[in-house]
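What follows is one structure encoded as structure tokens, with my remarks underneath.
The values are calculated or read from the model by the stated rules, or taken from the named source; none is laboratory data. Just so you know, these numbers come straight off a predicted model, no measurement behind them. Here the Cβ positions follow ideal geometry from the backbone for every residue, glycine too, while neighbour counts run over all protein chains shown.
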Amino acid sequence: MTEENPKHEPAKRRLSRHVVAYYCSAAILLVGLVAAVLVYILADEDPDDAAEIVNARMYQHNLEVIGGKFAVYLDEFNRWFAGLWHGKTLAYTIGVLAIALALVCFWIGDMMSRPRDGA
């Protein structure tokens, strides 16, 4: 019948916020790069038949006649952006986004570790 005394419990050590941000940065980078490698290995690079139609000169001409040069440029941008989310380019997109997000988390942790001026 012993009662535990809370005065003698070991103090739990809490990590400071900037260290947590550093760990989050490392975790995001690791998970993102592993996911990018897996996507790259498992992705198929099949050219679509629709891509051949879109690149046809007649399609480009009709699009320019109907919507002007801006419609052609907007269509090219739309196809480029949609291509980022398929096949092996998805792996590169995931890798770049993981690196960018990890850098942002690392920067936030760095900002939190610095002493505040004038506070």
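Numerical summary
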quantity	calculated
Which listed residue, of ALA11, ALA27, is modelled with pLDDT under 80, of a type in the set (A, V, I, L, M, F, W, C) and either over 22 Å from VAL96 (Cα atoms) or under 26 Å from the mean Cα position of the chain (by Cα) (or both)	ALA11
All positions within region 11-45 that are closer than 30 Å to THR89 by Cβ and either among the charged types (D, E, K, R) or outside any helix (DSSP H, G or I) (or both)	ALA43, ASP44, GLU45
Matching entry among TRP85, TRP107 (being surrounded by fewer than 13 Cβ atoms within 10 Å (Cβ to Cβ) and outside any helix (DSSP H, G or I))	TRP85
Residues that are modelled with pLDDT of 90 or more and either among the charged types (D, E, K, R) or in contact with a Leu (Cβ under 7 Å, 6 or more places away or on another chain) (or both), drawn from region 33-74	VAL39, GLU64, LYS69, ALA71, VAL72
